[in-house]
Amino acid sequence: MTINSLPKVELHLHLEGGAPPAFIKGLAKEKKLDISGIFNEDGSYRFTDFWNFLKVYEAACTTLQRPEDFYRLTLAVLEESAKNGVVYSETFLSPDFCGGRDVGAWREYLHAIQEAADKAQATMGITLKGIVTCIRHFGPEKARQTARCAAETAGDFIVGFGIAGDEKIGKPKDYLWSFDAAREAGLRITAHAGEWGGPESVREAIHDLGAERIGHGVRAIEDLALVDEIAEKGIVLEVCPGSNVALGIYPSFRKHPIGEFYNRDVKVTISTDDPPFFHTTMAREYDMLNRAFDWDEGVFDKIARTSLDAAFCDADTKARILKTLEQGHA
Ligand code: ADE
Ligand code: ZN
């Protein structure tokens, strides 16, 4: 058994952020859209920093115009995840990019995404669940419309609600109405925080929004009292080390705080965020963490189980995936 052949559970992946650049380029050609400025000469995505990354991301999303595009995108993303040993994936879905937050249109996009998920389950053995996410820099009113889409479609497939985007804009509590609406519909809560904002941003996501998982959360390391609180409350960090390194938050995997969080008994999980943008995969994340911290199979197995435990899906799905983890570790 090698580390890389271990079955993996991923909790933090943006569906559009998983789009391979060649896939987006193909859609742009079909639709006669000129977005050539977002690509390097070698075909990879081109961006200079996080804020430019958000612009490039949104430009790429202009090519995703129909439910059929999301059907193809979902299959492409899951194929890559499955190739990297992922057996369960929770993916952020954005009604902003799926029919402009109209509930009727959103249902059609969601239907296409679920059809692709069913096909991937049957042909590749990977399970997908969705977390509807609002986008912070689009503002609280659009977040409310997004929350309505989430609440209307909450169920077996849509299991959570979250917030992504520019953490420097506004405050978590500006979005409380949306989080309360999602919670009332039975959705579980995660929030991006402590990526570009410091410990206070993580505290607000926990105290003001009631987040049980934090997307990234890594800057909490700057306040050890907060780290203790996160550990004591069992709040789960969806850590994306390769993303943080690619965007320059930390200079290397070795300097990344995931090792310290782990040693301080924080529930850490491992994800890719937007893998083709950051030239990463789940297999690469495992490999880089193994090299940086000398983590062995036992550590990765424990993290996969922590991840499954923190997943927002139903108990039957968890039991089924647990069997896969156990067989994969045998
Ligand atoms: N949307 C896609 N990737 C993101 C990230 N790393 N942070 C915030 N919002 C995002
Ligand atoms: Zn993210």
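Taking a ≥ b ≥ c as the square roots of the Cα gyration tensor eigenvalues, with a/c under 1.5 meaning rounded and otherwise prolate when a/b beats b/c, else oblate, which class fits region 41-134?
Oblate shape, in that a/c is at least 1.5 and b/c is the bigger or equal ratio.
Cα to Cα, under 20 Å, and not fewer than 8 places away if on the same chain: which lysines meet these conditions relative to Lys8?
Within the straight-line cut-off, Lys8 pairs with Lys83, Lys119, Lys129, Lys267, Lys302, Lys318, Lys323.
In the chain, what percentage of the DSSP-assigned beta bridges are antiparallel, given to the nearest 5?
Around 5 percent antiparallel, to the nearest 5.
To the nearest Å, what is the center-to-center distance of region 155-172 and region 202-268, using C-alpha atoms only?
Here the two parts' Cα centres lie 17 Å apart.
What percent do you get for the relative contact order of region 1-109 when only Cα pairs under 8 Å and 6+ apart count?
41 percent.
Considering Cα pairs under 8 angstrom that are at least six residues apart, work out the relative contact order of the chain and quote it in whole percent.
It comes to 20 percent, rounded to a whole number.
So which trypsin sites (Lys or Arg not before Pro) in region 116-200 end up in coil per DSSP with only 13 or fewer other C-beta atoms within 10 Å?
Passing both the DSSP loop test and the Cβ count: Lys168.
Taking 0.36 nm per residue of separation and subtracting the Cα-Cα distance, what length does fully extending Thr48 through Asp34 add?
Stretched fully, the Thr48-Asp34 segment lengthens by 3.1 nm.
Provide Rg over Rh for region 237-330; use the alpha carbon set for both Rg and the Kirkwood Rh (inverse mean inverse pair distance). Can you show the working numbers first?
Values: Rg = 13.7 Å, Rh = 14.0 Å.
Taking Rg over the Kirkwood Rh, I get 0.98.
Can you give the FRET efficiency for Leu176 and Thr2, using 1/(1 + (r/R0)^6), R0 = 41 Å, r = Cβ-Cβ distance, to the nearest 0.05?
Plugging the Cβ-Cβ distance into 1/(1 + (r/R0)^6) gives 0.35.
Once the Cα atoms of region 83-235 are picked out, what are the Rg and Dmax in Å?
Values for region 83-235 (Cα only, Rg and Dmax): 15.9, 46 Å.
Step by step: find N for the chain, compute 2.2 N^0.38 Å, then divide the Cα radius of gyration by it. What's the final number? Let's see the in-between values first.
Numbers: Rg = 18.3 Å, N = 330, 2.2 N^0.38 = 19.9 Å.
It is 0.92.
Could you tell me the distance between the Cα centroids of region 1-66 and region 91-105, to the nearest Å?
18
Enumerate the calculated ³J(HN,Hα) couplings along region 88-94 in order (Karplus 6.51 cos²θ - 1.76 cosθ + 1.60, θ = phi - 60°), each rounded to whole Hz, writing x wherever the residue is Gly or Pro.
Result, rounded to whole Hz: 9, 9, 9, 10, 6, 10, 10.
In whole Å and largest first, what semi-axes does the C-alpha gyration tensor of region 176-303 yield when each eigenvalue is scaled by 5 and square-rooted?
Numbers: eigenvalues 121, 51, 41 Å².
The answer is 25, 16, 14 Å, longest axis first.
None of the figures in this text is laboratory data; all of them are computed from the coordinates on show. Because the structure is a prediction, the values reported are computed rather than measured. Note that we place each Cβ from the backbone using ideal geometry, even for glycine, and neighbour counts take in every protein chain shown.
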